[in-house]
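Have a look at the structure below before the remarks.
The values are calculated or read from the model by the stated rules, or taken from the named source; none is laboratory data. If you're wondering where the values come from, they're calculated on a predicted model, not measured in any experiment. Counting neighbours? That spans all protein chains shown, and the Cβs are built from the backbone with ideal geometry, glycine included.
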Amino acid sequence: MLDVSLKQLAYVEAAGRLGSIASASKALQISESSITAAIDGLETRLGFDLFVRVPAKGISTTPVGEEALALISRFLKDARATRAELGSLGGLAQGFVQVACFATAAANFLPDLLIQYAEDYPSVEVHLAEGDIELAIEHLDHGRADVAFTYEDVVLDTQDFRPLVPAPAYALIARSNPLSEAPDVTLEELSRYGMIALTLRRTRDYYTGMFAKAGLPVRVVHATPSTEMIRPLVAAGLGFTILNALPPNYLTDDPRFRAVPLKNGPEPRIFGIATMKGVRQTRACESFLKTVDNFRDSGGFQALAISTAKN
């Protein structure tokens, strides 16, 4: 039997997640020696190393350590959820819910959603983990999140998906380009100009692939994994880009660029929220999903989609 406390497991998990004993010490506000002792003690009990110590660079997980940390993360999540459930017996939902966000899209709706959730369930904390599509799915799959906002086409077989809004593709075009004034635009028209390609994982070839499927050439003049970088590049007239989620607080009279619907684009990507299959959700998570449903029914996610924008 493995004799180890929840506190020791939390120390090990933090060190692995942050990649540094010093960073874990700072985050948990305990001594580095306490974390080192927890790691050494667990490795001794397991009979193998979880980490490789790299002088002046922190620590990195061994292959078996990666698997062990995933198990530890899931175990700690279950322990925290059980404690929250016990605390909410006979009362309102309390505790916390861990939400993984596809940051590009989440910035458009998440603030309003969280305001609504706080009003309905003031005793529940929301812990956010932001990142690209791949990271959001990884957080959910590895037990670091209860739910993940993402697109349906990247959800894993081990996950359930709740659709929230269809998000058609659109072209973001600088106002200096005459195409920005058109009611819609075709891929053929866009192919005459340079493209600024979004290179997020899992969608690296999604947007440029639209042109290949249509038998059209595409000239990528710049590439970036950041939509925050793409917008100023488009605004500077360096090229167009294709996206699905509208920019946060998008205004059709923005003097820099305009979102123009694709006339012959692919079927809309479905944006929604994913959970793990076969997992009994905590009361806090169930309350969050209920608020998400209410927010969807009131049209809260429509701000993501070009179909609702006034062009």
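So, in the range 16-41, how many residues would count as being at pLDDT 90 or above and within 17 Å of Ala70 (Cβ to Cβ)?
1
So Leu110 passes all but one of these: (1) part of a loop (DSSP other than H, G, I, E, B); (2) surrounded by 18 or more Cβ atoms within 10 Å (Cβ to Cβ). Which condition number does it fail?
(1)
Are there strands (runs of 3 or more DSSP E) fully within the range 126-240 with at least 2 residues that are among the aromatic types (Phe, Trp, Tyr) and within 19 Å of the chain's Cα centre (by Cα)? List them.
The strands (runs of 3 or more DSSP E) meeting that bar are 147-151.
Take the residues in the range 244-268 that are surrounded by 15 or more Cβ atoms within 10 Å (Cβ to Cβ) and among the hydrophobic types (A, V, I, L, M, F, W, C); name whichever of them is nearest to the chain's Cα centre (by Cα).
Ala245
Identify, from the list Thr227, Thr241, the residue that is modelled with pLDDT under 90 and crowded, with 18+ Cβ neighbours inside 10 Å.
Thr227
Residue by residue, here is whether (1) charged (D, E, K, R); (2) closer than 20 Å to Leu128 by Cβ; (3) at pLDDT below 95 holds:
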{"site": "Asp141", "(1), (2), (3)": "yes, yes, yes"}
{"site": "Arg144", "(1), (2), (3)": "yes, yes, yes"}
{"site": "Asp153", "(1), (2), (3)": "yes, no, yes"}
{"site": "Asp157", "(1), (2), (3)": "yes, no, yes"}
{"site": "Leu164", "(1), (2), (3)": "no, yes, no"}
{"site": "Pro168", "(1), (2), (3)": "no, no, yes"}
{"site": "Ser176", "(1), (2), (3)": "no, no, yes"}
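Can you tell me which condition Gly300 does not meet? The list is (1) free of Cβ contacts under 8 Å to residues at least 24 places away in the same chain; (2) under 21 Å from the mean Cα position of the chain (by Cα), and all the others hold.
(1)
Write out, first by first residue and then by second, each pair whose Cβ atoms fall under 6 Å of each other, whose residues are 6+ apart or on separate chains, and whose first residue, in the range 265-276, is within 19 Å of Asp141 (Cβ to Cβ) while the second is basic (Lys, Arg).
Here the result reads Gly272/Arg162; Ile273/Arg162, each pair linking the range 265-276 to a residue that is basic (Lys, Arg).
Spot the failing condition for Phe271; the list is (1) within 20 Å of the chain's Cα centre (by Cα); (2) of a type in the set (A, V, I, L, M, F, W, C); (3) over 26 Å from Arg162 (Cβ atoms), and only one is missed.
Among (1) within 20 Å of the chain's Cα centre (by Cα); (2) of a type in the set (A, V, I, L, M, F, W, C); (3) over 26 Å from Arg162 (Cβ atoms), the lone unmet condition for Phe271 is (3).
Please enumerate the residues belonging to the range 99-125 that are of a type in the set (Val, Ile, Thr), at pLDDT 90 or above and touching a strand residue (DSSP E or B) at 6+ places or on another chain (Cβ under 9 Å).
Passing the criteria: only Val99.
Per-residue answers, yes or no, for (1) of a type outside the set (Val, Ile, Thr); (2) buried (at least 17 other Cβ atoms within 10 Å of the Cβ); (3) under 24 Å from Arg258 (Cα atoms):
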{"position": "Gly131", "(1), (2), (3)": "yes, yes, no"}
{"position": "Leu140", "(1), (2), (3)": "yes, yes, no"}
{"position": "Tyr151", "(1), (2), (3)": "yes, yes, yes"}
{"position": "Leu164", "(1), (2), (3)": "yes, yes, no"}
{"position": "Ala171", "(1), (2), (3)": "yes, yes, yes"}
{"position": "Asp184", "(1), (2), (3)": "yes, no, yes"}
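Being at pLDDT 90 or above, out of contact with any strand residue (DSSP E or B) (no Cβ under 7 Å at 6 or more places or on another chain) and within 16 Å of Ile242 (Cβ to Cβ), is that true of even one residue in the range 191-201?
For the range 191-201, residues at pLDDT 90 or above, out of contact with any strand residue (DSSP E or B) (no Cβ under 7 Å at 6 or more places or on another chain) and within 16 Å of Ile242 (Cβ to Cβ): present.
Please list, ordered by residue number, the helices (runs of 4 or more DSSP H) wholly in the range 1-47 having 2 or more residues that are within 32 Å of the chain's Cα centre (by Cα) and touching a residue at least 60 places away in the same chain (Cβ under 8 Å).
The helices (runs of 4 or more DSSP H) meeting that bar are 6-18.
Out of Ser34, Ser23, report the one residue that is out of contact with any Pro (no Cβ under 6 Å at 6 or more places or on another chain), surrounded by 13 or more Cβ atoms within 10 Å (Cβ to Cβ) and under 20 Å from Arg144 (Cα atoms).
Ser23
Test of understanding: among Arg219, Arg280, Arg204, which residue is basic (Lys, Arg) and in contact with a Gly (Cβ under 9 Å, 6 or more places away or on another chain)?
Arg219
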